[in-house]
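See structure below.
The values are calculated or read from the model by the stated rules, or taken from the named source; none is laboratory data. Predicted model, so just to flag it, every value in this text is computed and none were measured. In this analysis, Cβ positions are derived from the backbone assuming ideal geometry, glycine residues included, and neighbour counts consider all displayed protein chains. Side chains are part of the model used for accessible areas, which takes the heavy atoms of the whole protein and leaves out ligands, DNA and RNA. Shrake-Rupley method; radii C 1.70, N 1.55, O 1.52, S 1.80 Å.
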Amino acid sequence: MTAVRTPTLPPTPDVAPAPHRGSGLAWWSGIVAGLVGLSVTELLAWLVSPLGSPLSAVGELVIDIAPAGVINFGKEVLGFADKPILLAVVGVVALLVAGASGRLEYARRSAGLIGPVLLTAFSVIAIGRQPDVTGTAYVPVVIGLAVAYLVLRPLVNRLRLWDSPAGLDDSGRPVGRRGFLVLTGTLAAGAVVVGAASRGFSHGKSMALQARSKIKLPIPQRTAPAVPAGADLQVPGITPYVTANDGFYRIDTALQVPVVDPADWSLTITGMVDRPITISWDQLLSLPLSEFYVTLTCVSNEVGGNLAGNARWLGYPIRELLERAGVKAGADMVLSRSVDGFTAGSPLSALTDPDRDAIVAIGMNGQPLPAEHGFPARLVVPGLYGYVSATKWVTELKVTSYAADHGYWTPLGWSAYGPIKLASRIDTPTGSTQAGPVAVGGVAWAQHTGVERVELRIDDGPWQRAKLGDAVSDDTWRQWSYRWDADPGAHRLTVRATDKKGMTQTAATAAPAPDGATGWHTVNVQVH
Ligand SMILES: Nc1nc2c(c(=O)[nH]1)N[C@H]1C(S)=C(S)[C@@H](COP(=O)(O)O)O[C@H]1N2
Ligand SMILES: [Mo]
């Protein structure tokens, strides 16, 4: 198989011959290729990473480096239109660079690469300056600008043919101006539609994430107690007492993480109340906030599983909001609702209990909530599984009753009530280890009751008391450790905890559904 090339067709020259009839159209080709590249970039930014839009990132860069006078001019003279105008300017400059690349490519083959390369470099710098950026944020611009050049090159090749004496295309037909304009016009129009639609979808997200990165959390009126030094038992491989935000487990029913702009967010208390109230983001931030360490746990956690995490949450007590609204008699449940449609039904008594720090949280370990963990606001209720309490992206608290309402998971086979069950887990060792002294360790939790004791059993031996780490409060888990003198051979380690009410974990195994797993966590260890 050989490519059909008519003998009359001269090879396309590297340098465009006089009379450069195509030079104006070379600019146009560059702009068309630029539009296609931009639209691919915006499409990928929408699909892959909202921080990956170079338009937004470069816009932010310009705002950051422009002199204050220019910024104020933008704000005062252009008013609310300053952002769109700024983005339009960035877009026009990018298209001018793209057009110039077309002209360069026409003058000398491959010279048009300079534009995409420059734009990519500049975009990568701008994208990289954004807080919380990850590697995927660079993917859209790199692919988009590669596509731009892949479109530019054949377009300009066509123009060259046109300038050549024969003026024929690959199939031997005359290269027509009309055909070229129809092709490029269609490409440009398609790119504008795809780009604008993608931007429409992703714009809100990138704005919200940028708003998040600018938030300065208020200083808590009441800070959480310092983590005692004894909370960390210094066992290699043990779960840290505080879970980092990016290592925190995640449970979402939504396919895409909702990204909510705090400017568009509010929380409404409605239902069986005397006075429905709505509070805005700014109002919430102006309230006296407090910080609490609370260990969240998912009802789906299997025995020994890791669907639990401990963080320092900054927020405002739900009971204060309920008090302001005035709860009517007969209510026994609060149905919290998220922007994504998820709902959780929590016992009213748990939310109004003055001794339980049930909060509307806006901060997680000193940062605004990550988008994945409910930005801008979520609920945190000590002692209840997440599915009946920890609503992320929360916008409504409906005071109601268990008789009248139910949360998202209840009709799907999960209990209407979800107090967290006492649990303990062996983190280390796993698999195999050396004979001699071995540091065994893990965590145990009994949120809102507190862990009193953890015991470890080697094979079928007696229960041995483990050392317990300190905790900030009974609302968090505790580390435990045990020094085991391990003999060579196969061994089985089993752990169990007892809570501060004197209840010991049952050996009876239960699956997570409908209201949480039970049973003792066991690991098999090979000692050499
Ligand atoms: N909007 C919304 N909130 C939600 C969920 C959800 O799917 N959607 N999952 C819940 C469940 S089942 C748990 S265990 C916790 C998990 O919180 P995390 O993802 O921050 O760890 O959030 C709860 N809040
Ligand atoms: Mo969960």
For D475, D485, D282, the accessible-area ranking with a 1.4 Å probe, largest leading, is D282, D485, D475
Hey, quick one: spin label on N306, modelled 7 Å out along Cα-Cβ, who in the stretch 199-239 has an amide N within reach, i.e. under 17 Å? 235-239
Carbon and sulfur atoms account, in whole percent of the 1.4 Å probe accessible area of the chain, for 60
Could you work out the helix-only [θ] at 222 nm for the chain, with each DSSP H run of four or more residues adding -39,500 (n - 2.57) and the total divided by the number of residues, to the nearest 500 deg cm²/dmol? -11000 deg cm²/dmol
With a probe of 1.4 Å, find how much accessible area the stretch 284-378 has per residue, and write the answer as a whole number in Å². 30
With a 1.4 Å probe and all protein chains in place, put E452, E105, E396 in order of accessible area, largest first. E452, E396, E105
Virtual paramagnetic centre 7 Å along Cα→Cβ of T522, amide N under 18 Å, in the stretch 454-485: 455-464
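What share of Cα pairs, in percent, lie more than 43 angstrom apart in the chain? Don't skip to the end; give the middle numbers.
Working: 55092 of 139128 pairs.
Summing the P(r) tail past 43 Å for the chain gives 40 percent.
Past 27 Å, Cα to Cα: identify those pairs from K328/K500; K392/K501; K392/K421; K216/K328, in the order given.
Details: K328/K500 34 Å; K392/K501 31 Å; K392/K421 22 Å; K216/K328 36 Å.
Long pairs (Cα-Cα over 27 Å): K328/K500; K392/K501; K216/K328.
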Could you pull the accessible area for W28 with a 1.4 Å probe, rounded to 10 Å²? 80
Nearest 10, in degrees from 0 to 90: the angle of helix 68-78 to the longest Cα principal axis of the chain is 80
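Taking 4 °C and 1.567 mPa s as the conditions, I'd like the Stokes-Einstein D for the stretch 229-412 in µm²/s, using the Kirkwood hydrodynamic radius from alpha carbon pairs.
Here the translational diffusion coefficient equals 77 µm²/s.
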Note: D64 to V139 extended length (0.36 nm per residue) minus current alpha-carbon separation gives 24.7 nm
Place a point 7 Å from the Cα of S349 along the Cα-to-Cβ direction; which residues of the stretch 497-523 have their backbone N under 14 Å from it? none
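Take the Cα gyration tensor of the stretch 209-270, multiply each eigenvalue by 5, square-root it, and list the three semi-axes largest first, rounded to whole angstrom. Walk me through the numbers on the way to the answer.
Numbers: eigenvalues 191, 77, 32 Å².
Working from the Cα gyration tensor, I get semi-axes of 31, 20, 13 Å.
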Which of the aspartates and glutamates could a cross-linker bridge to K214, judged by Cα under 16 Å and excluding same-chain residues fewer than eight apart? E60, D64, D132, D261, D264, D282
Under 5 Å from the placed amide H of G374, counting only residues 5+ away or on other chains, we find W393
Cross-link reach from K467 to aspartates and glutamates, straight Cα distance under 14 Å and at least 8 residues apart if same chain, gives D232, E452, E455
Cut-off under 5 Å, modelled amide H: who pairs with M364 long-range: L314, L369
